[in-house]
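Student: Sending over a structure as structure tokens; questions will come in a sec.
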Amino acid sequence: MELGKYNTLTATRYTSVGLFLEDSEGDDVLLPMKWVPKNIKEGDELEVFIYLDGEERPIATTMKPLAQVGEFANLKAKQVTSIGAFLDWGLEKDVFVPFIEQDGRMQAGQTYLVYLYVDKMTNRIAASAKINSWVEKEDIDLELHQEVQILVGNETPLGYNVIIDNKYMGLIYENEIFRNIKPGDKCTAYVKQVRDDNKIDIILQKPGYANVEPNAQLILDRLKTYDGFLRLNDKSSPEEISAALQMSKKTFKKAIGGLFKQKLITLEDDGIRLVAQN
């Protein structure tokens, strides 16, 4: 039975306060009656989340936390006390962040990127905002242009820090962001490069020629929406292109170059025009 994670357990017996669930080794835990699904019978299997109640006893719930032990998450601070901060992670009992695990004093109402772990001294679930202590920094098993899943973290003067595949820390540069993102967003991204110092640059759009096709289709769709003409061309500023199409000027130029070669558009002094199809 793993604390701070989802466990599939077997229903063994009902009591006045709830349903006891048992793991394969015979250890049991209480699922309070308010969380017991209807029609569960003794012998049925049930996936539950195990955490500690107010008296630090293991307890099961069918509620879904925002993250489990071993994961990163953006969580909001509900309360800051003389011993640390308490973050909302979607359960009745908040998760605790000791002062020693805060990266600067936390404030109630603010959201923080944290890592959830089980404290070895107290056996309690806790969170840490010292992200660099929990990400892999040496053995970087990523390839150029590899597709990854990211969690958007805090904004920096350069862009946004991101957690990559729940394992590495990376950065998306501000000048390479062509759509709205915010802390807490989860999305697909791509490895732009792994630097010699093992720092990882991430981009949101598929790199290279593979990115031209979907963006070419986007331009075609936008042309059809605007009666076959867009007041954009290779002389337009990167800001104009990003605002209109959420793509870089480099990607835009590749896309319209491909469309022009396929004779799907014509290039004019003040924009691009869709070629009428017979």
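The values are calculated or read from the model by the stated rules, or taken from the named source; none is laboratory data. None of the values given here were measured: they were computed from a predicted structure. Heads up, the Cβs are rebuilt from the backbone with ideal geometry, glycines too, and the neighbour counts pull from every protein chain shown.
Student: Looking at this structure, is residue 128 closer than 24 Å to residue 184 by Cβ, of a type in the set (Ser, Thr, Tyr) and either in contact (Cβ under 8 Å) with a residue 60 or more places away in the chain or outside the structural domain of residue 23 (by TED's automatic domain parsing) (or both)?
Tutor: Working: closer than 24 Å to residue 184 by Cβ: yes; of a type in the set (Ser, Thr, Tyr): yes; either in contact (Cβ under 8 Å) with a residue 60 or more places away in the chain or outside the structural domain of residue 23 (by TED's automatic domain parsing) (or both): yes.
For residue 128, the condition - closer than 24 Å to residue 184 by Cβ, of a type in the set (Ser, Thr, Tyr) and either in contact (Cβ under 8 Å) with a residue 60 or more places away in the chain or outside the structural domain of residue 23 (by TED's automatic domain parsing) (or both) - is met.
Student: With the requirement that a residue be in a loop (DSSP other than H, G, I, E, B) and over 14 Å from residue 126 (Cα atoms), what does segment 91-113 give you?
Tutor: Narrowing segment 91-113 to residues in a loop (DSSP other than H, G, I, E, B): 91-94, 102-110.
92, 103, 104, 105, 106, 107, 108, 109, 110 - these are the residues of segment 91-113 that are in a loop (DSSP other than H, G, I, E, B) and over 14 Å from residue 126 (Cα atoms).
Student: Right, another one. Quick test for you: out of 19, 46, pick the one residue that is surrounded by 15 or more Cβ atoms within 10 Å (Cβ to Cβ), of a type outside the set (Ser, Thr, Tyr) and either within 30 Å of residue 161 (Cα to Cα) or touching a residue at least 24 places away in the same chain (Cβ under 8 Å) (or both). Steps first, please.
Tutor: On the way: 19 fails: either within 30 Å of residue 161 (Cα to Cα) or touching a residue at least 24 places away in the same chain (Cβ under 8 Å) (or both).
Unique residue meeting the criteria: 46.
Student: Which of the following residues is closer than 30 Å to residue 136 by Cβ and either surrounded by 18 or more Cβ atoms within 10 Å (Cβ to Cβ) or without any contact (Cβ under 8 Å) to a residue 12 or more places away in the chain (or both): 94, 103? Give the steps one after another, and end with the answer.
Tutor: Details: 103 fails: either surrounded by 18 or more Cβ atoms within 10 Å (Cβ to Cβ) or without any contact (Cβ under 8 Å) to a residue 12 or more places away in the chain (or both).
After applying the criteria, what remains is 94.
Student: If we keep just the residues of segment 49-85 that are on the phi < 0 side of the Ramachandran plot and small (Gly, Ala, Ser), which is surrounded by the most Cβ atoms within 10 Å (Cβ to Cβ)? Talk me through it step by step, then tell me what you get.
Tutor: Going residue by residue through segment 49-85, those that are on the phi < 0 side of the Ramachandran plot are 49-55, 57-69, 71-83, 85.
Filter again for small (Gly, Ala, Ser), leaving 54, 60, 67, 73, 77, 82, 85.
Working: 54: 8, 60: 25, 67: 20, 73: 24, 77: 21, 82: 5, 85: 27.
By that ranking, first place goes to 85.
Student: Show me the strands (runs of 3 or more DSSP E) found entirely inside segment 154-273 where at least 2 residues are in contact with a Lys or Arg (Cβ under 9 Å, 6 or more places away or on another chain) and farther than 28 Å from residue 71 by Cα.
Tutor: 265-268
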